[in-house]
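Only one structure is covered here, and it is reproduced in the block below.
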Amino acid sequence: MGHLLGHAVRFGVADDVLAAGEGIETVLSLRAVLPTLPLAAGLSANHVSAMLFPPRLRVLYILRDADRAGDAVVETLTARAGEAGIEPHALVPLLGDFNDDLCRLGPVALRADLMAQLLPRHAARFAGLAARVG
């Protein structure tokens, strides 16, 4: 399989903004309600914590899971992003993770919660197609 550390499964093309999470289910849950937001799934807490940042990245949204591994990912990525001159922002699910939110609360509630957590300039930027979800 080669060397996986530092890599992630990417959805969309990251330029200045990227949202990164541990599990593919978490990341695909965001993709379902914010399809234009560039995303990356690390496939494990260790892998997402060690992922390489795109060269022009300025804002990193960290898709937090509500557990100890999620705490560690936020801590590690916040520190790494800050050292790289990237502005980190943790996005926090209402339940255990964003897939739980999507499955139990539905796409409209998940989209509304995420839009409230994004920086205003990004909420406007990535709201386009999301308005038709639900």
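Things to note:
- The chain: angle of helix 24-33 to the longest principal axis, Cα-based, in degrees nearest 10: 40
- Backbone amide hydrogens, once placed in the peptide plane, bring ASP65 within less than 5 Å of GLY70, excluding anything fewer than 5 places away on its chain.
- Fraction of alpha-carbon pairs over 24 Å apart in the chain - percent: 21
- When the chain is treated as a GNM with alpha-carbon contacts under 10 Å, the residue of GLU83, GLU22, GLU75 showing the greatest mean-square fluctuation is GLU83.
- Note on the chain: with a GNM built from Cα contacts shorter than 10 Å, the maximum mean-square fluctuation among HIS47, HIS89, HIS122 falls on HIS122.
- ILE24, ILE62 arranged by Cβ crowding within 10 Å, fewest neighbours leading: ILE24, ILE62
Only the coordinates and a few stated rules stand behind these numbers; no lab work does. Being a predicted model, the structure only gives us computed values, none of them experimental. Note: ideal-geometry Cβ built from the backbone for every residue, glycine included; neighbour counts use all protein chains shown.
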